[in-house]
Amino acid sequence: MDFFHSQESLTAMQWILRAVVAYFFMLITAKLMGQRSISQLRLLDFVIALIIGNIIAHPLSDEGLGLKGSMITMSVLVVLYTSSVIVSLKSEKLRNFFDSSPLPLIKNGKILYKNLGKARITLDDLMAELRKASVEDIQKVALALWESGGTLSFFLKPQYQPVTPLDLNFPPKSFVFPRTIIKERKIDVSLLHAMGREENWLKLKIKSTYNADIHNILLATIDETEHITIFLYE
């Protein structure tokens, strides 16, 4: 365990052991911090990510520094981060400090230029976000909000919103969720058994419907009605 402590020099194996320990410690740390810190980098998440990355980087590149102190410091930071998240769930003031209210950037087809400066984004950034959402005309937007996580939420004016079956008085269809039954030639046996079917049934159904073999299938999905859709290797 000498690689944990500061040394005048480390062997190649000790460097490797440091990297392995730091890698798994970071995995555990990320798991304890939760999915929020991974999926969206807000103010608190950004600060913690910077500090933790800086702390773990030094002992991985400097043999004069030990891993023990860095791991203790990171553990304390994780406790502080988790505590802050829990407290913010109960305190509206702290929650507003960490996650500010959405900032309107477009209202009734008009750009609120002053708010662009508050959000620290340019017109080009705004147009890029609208293009990502397939919105080609700003005048179609009833409201666009800049969220605290750095994303744009927008709502189209009623006349530009997509027509739904409810608008046309069509009877709604039941929701069908296709699940992956074959992926890269491998059958999901557990899903098949949960449906009360066997592999032979699946192979025969694919053969009769598509005249295809399992070994030629890249992806296949199946829904509640046992309808199968396949994608073959090119």
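Just so you know, all these numbers are worked out from the coordinates, no wet-lab data involved. What you see is a predicted model; the values in this text were computed from it and never measured. Note: ideal-geometry Cβ built from the backbone for every residue, glycine included; neighbour counts use all protein chains shown.
Shape verdict for the stretch 103-160, please, from the Cα gyration tensor: rounded (a/c under 1.5), prolate (a/b greater than b/c) or oblate.
prolate
List the residues, sorted by chain then number, that are 5 or more residues from Ala212 or on another chain and whose placed amide H is less than 5 Å from its amide H.
Lys207
What do you get for chymotrypsin sites (Phe, Trp or Tyr not before Pro) in the stretch 140-204 restricted to DSSP loop and a cutoff of at most 15 other Cβ within 10 Å of the site's Cβ?
Here the chymotrypsin sites (Phe, Trp or Tyr not before Pro) that fit, given the DSSP loop and packing criteria, are Phe175.
Sequence-distant or interchain residues sharing an amide H contact under 5 Å with Asp188, placed H: which?
Under 5 Å from the amide H of Asp188: Ile182, Lys183.
For the pair Ile51/Phe97, report the inter-label distance in nm, with labels modelled 7 Å from Cα in the Cβ direction.
1.3 nm
Leu145's amide H: which non-local residues (gap 5+, or another chain) put their own amide H closer than 5 Å, with H modeled 1.01 Å from N in plane and none for Pro or chain starts?
Leu105, Ser153, Phe154
At R0 = 41 Å, how high is the FRET efficiency between Thr180 and Ala19 if r is their beta carbon distance? Nearest 0.05 is fine.
0.75
In whole Hz, what ³J(HN,Hα) sequence does the stretch 216-227 give by Karplus (6.51, -1.76, 1.60; θ = phi - 60°), x for Gly and Pro?
Here the 3J(HN,Hα) series is 9, 9, 7, 8, 9, 10, 9, 10, 5, 8, 6, 7 Hz.
Of the labelled options (i) 1.52; (ii) 1.18; (iii) 0.95, which one gives Cα Rg over 2.2 N^0.38 Å as computed for this structure?
Label of the calculated value: (i).
Per DSSP helix of 4 or more residues, -39500 (n - 2.57); summed, then divided by the residues of the chain. What does that give at 222 nm, rounded to the nearest 500? The partial results should precede the final answer.
Numbers: 9 runs with 107 residues, N = 234.
-14000 deg cm²/dmol, from helical runs alone.
Need the list of lysines near Lys93 for cross-linking: C-alpha distance under 21 angstrom, and skip anything on the same chain fewer than eight residues off.
Lys118
Residue by residue through the stretch 157-166, which ³J(HN,Hα) values in whole Hz follow from phi under the Karplus form 6.51 cos²θ - 1.76 cosθ + 1.60 (θ = phi - 60°), with glycine and proline marked x?
Once θ is set to phi - 60°, the couplings for the stretch 157-166 become 4, x, 6, 10, 6, x, 6, 10, x, 5 Hz.
Students often forget the sequence filter, so: which aspartates and glutamates lie under 19 Å Cα-Cα from Lys68 once same-chain residues fewer than 8 apart are removed?
Asp2, Glu8
Using the Karplus equation 6.51 cos²θ - 1.76 cosθ + 1.60 (θ = phi - 60°), what ³J(HN,Hα) coupling, rounded to whole Hz, does each residue of the stretch 24-29 give in order, writing x for Gly and Pro?
6, 5, 5, 4, 5, 4
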